[in-house]
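Trainee: One structure, pasted below without further comment.
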Amino acid sequence: MKLSVPGRATATAVVAAVSLLAGGSLAGAAPASGPAVAAAPDIPVANVKAHLTQLQSIATANGGNRAHGRAGYKASLDYVKAKLDAVGYTTSIQQFTSSGRVGYNLIADWPGGDADQVVMAGSHLDSVSSGAGINDNGSGSAAVLETALAVAQADYLPTKHLRFAWWGAEELGLVGSRYYVNSLSSANRARISGYLNFDMIGSPNPGYFVYDDDPAIEKTFKEYFAGLGVPTEIETEGDGRSDHAPFKSAGIPVGGLFTGASNTKSAAQAAKWGGTAGQAFDRCYHSSCDTTANINDTALDRNSDALAYAVWELSA
């Protein structure tokens, strides 16, 4: 999640990318035949954590971070792309420049589904320069990746078209996601029926926050957590500070999940969710201690499953 500071960096396009990225829909995608799978699979938290271990290793081998314009970011993108390519996704890299450095978005389309109704799930893949960024935002990136792999494993045939995205340069002011949205024509923006954002979903002293945006998306997430008996609150700390904001500004329905950053957990929240009152949801926010040790497994597991549930429900 980006710092809330004035003067956001701007991106200058250097590559128009391919028509898939600019088009907002997968050209030539045939509607899926057969019934959609009724229920989302359970997302194994061990698999999500295995991706986090890889992202940590990448950061460690590349100066301790996975920040925009650094070798660790590109290695992270290459890792995610290879996983998706291996299971049949159509992947594309969208390139831009910001702060004098080249950045990249990764877009992955699952073949089939109605190209006029696109459900997207995304997360930012970059870290700040001060650390590996395992909660912010390896957690969201790993959960989105594992959900995409679960779609392939299930050979899921949704009614709507599924697209997954990993954004660059979020920490510099939502640069990658804004570039993507700005590259879409108004018609292709209208084809996106919903964008789901996942930024910091494994905070070590977690809360369970749901974006207060599109009512149908919000209801879907709340239903999932209600089924677990886990109360939720409306997300306010990061409102407008993550990659859903450019989509929302363009009139695209958005929603998402969040487990808290630098704000302090109240006594009432600790009574409701457990954890430590008077302490930040993530004491390692934007710090060098945001490593694989900075993850709450239960929060990561619940939010990963909620992610998959929403993808299945909203694309069926």
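The values are calculated or read from the model by the stated rules, or taken from the named source; none is laboratory data. All of these numbers come straight from a predicted model, not from anything done at the bench. Cβ placement follows ideal geometry from the backbone for every residue including glycine, while neighbour counts extend to all protein chains displayed. To get the accessible areas, we keep the full protein, side chains included, count just its heavy atoms, and leave off ligands, DNA and RNA. Shrake-Rupley method; radii C 1.70, N 1.55, O 1.52, S 1.80 Å.
Trainee: From (1) crowded, with 18+ Cβ neighbours inside 10 Å; (2) assigned to a loop (DSSP other than H, G, I, E, B); (3) more than 18 Å from the chain's Cα centre (by Cα), pick out the condition that doesn't hold for residue 225.
Mentor: Among (1) crowded, with 18+ Cβ neighbours inside 10 Å; (2) assigned to a loop (DSSP other than H, G, I, E, B); (3) more than 18 Å from the chain's Cα centre (by Cα), residue 225 violates only (2).
Trainee: A further question on this structure: When residue 143 is evaluated against the numbered criteria (1) closer than 15 Å to residue 113 by Cβ; (2) outside any strand (DSSP E or B), which criterion, by number, is the only one it fails?
Mentor: (1)
Trainee: A further question follows. For the range 89-116, name all the residues that are open to solvent by 40 Å² or more (accessible area, probe 1.4 Å), over 20 Å from residue 243 (Cβ atoms) and in a loop (DSSP other than H, G, I, E, B).
Mentor: Result: 100, 111.
Trainee: Follow-up. Any residue in the range 132-152 that is among the β-branched types (Val, Ile, Thr) and farther than 18 Å from residue 82 by Cβ?
Mentor: Filtering the range 132-152 for residues among the β-branched types (Val, Ile, Thr) gives 134, 144, 147, 151.
Restricting the remaining residues to those that are farther than 18 Å from residue 82 by Cβ gives 134.
Yes, there is a match, as at least one residue in the range 132-152 is among the β-branched types (Val, Ile, Thr) and farther than 18 Å from residue 82 by Cβ.
Trainee: Out of the residues in the range 188-213 that are touching a helix residue (DSSP H, G or I) at 6+ places or on another chain (Cβ under 9 Å) and of a type in the set (A, V, I, L, M, F, W, C), which is farthest from residue 2 (Cα to Cα)?
Mentor: Looking at the filtered set, the residue picked out is 192.
Trainee: Moving to a separate point now. Residue by residue through the range 268-283, note down the ones that are assigned to a helix (DSSP H, G or I), buried (at least 20 other Cβ atoms within 10 Å of the Cβ) and either touching a Pro at 6+ places or on another chain (Cβ under 8 Å) or of a type in the set (Asp, Glu) (or both).
Mentor: Once the filter is applied, which keeps residues that are assigned to a helix (DSSP H, G or I), buried (at least 20 other Cβ atoms within 10 Å of the Cβ) and either touching a Pro at 6+ places or on another chain (Cβ under 8 Å) or of a type in the set (Asp, Glu) (or both), the range 268-283 yields only 273.
Trainee: Which of the residues belonging to the range 143-154 are surrounded by fewer than 21 Cβ atoms within 10 Å (Cβ to Cβ) and either in contact with a Cys (Cβ under 8 Å, 6 or more places away or on another chain) or closer than 21 Å to residue 92 by Cα (or both)?
Mentor: Hits for the range 143-154 are 149, 152, 153.
Trainee: Among the residues of the range 226-276, write down those that are of a type in the set (A, V, I, L, M, F, W, C), more than 17 Å from residue 203 (Cα to Cα) and in contact with a Ser or Thr (Cβ under 9 Å, 6 or more places away or on another chain).
Mentor: 226, 245, 247, 250, 252
Trainee: Residues being part of a helix (DSSP H, G or I), surrounded by fewer than 22 Cβ atoms within 10 Å (Cβ to Cβ) and of a type outside the set (Ser, Thr, Tyr): count how many of those fall in the range 189-222.
Mentor: So the answer is 7.
Trainee: While we're here: Condition test on residue 175, is it touching a Pro at 6+ places or on another chain (Cβ under 9 Å) and at pLDDT 95 or above?
Mentor: So residue 175 fails the test.
Trainee: What pairs come out if I take residues in the range 37-62 that are modelled with pLDDT under 95 and pair them with residues that are in a helix (DSSP H, G or I) and open to solvent by less than 60 Å² (accessible area, probe 1.4 Å) whose C-beta lies under 6 Å away, six or more apart or interchain?
Mentor: Hits for this filter: zero, empty list.
Per-residue answers, yes or no, for (1) closer than 21 Å to residue 131 by Cβ; (2) open to solvent by less than 60 Å² (accessible area, probe 1.4 Å):
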| site | (1), (2) |
| --- | --- |
| 262 | yes, no |
| 266 | no, yes |
| 285 | yes, yes |
| 290 | yes, yes |
| 295 | yes, yes |
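Trainee: Give just the number: which of (1) in contact with a His (Cβ under 7 Å, 6 or more places away or on another chain); (2) surrounded by fewer than 24 Cβ atoms within 10 Å (Cβ to Cβ) does residue 169 not satisfy?
Mentor: Going through (1) in contact with a His (Cβ under 7 Å, 6 or more places away or on another chain); (2) surrounded by fewer than 24 Cβ atoms within 10 Å (Cβ to Cβ) one by one, residue 169 breaks only (2).
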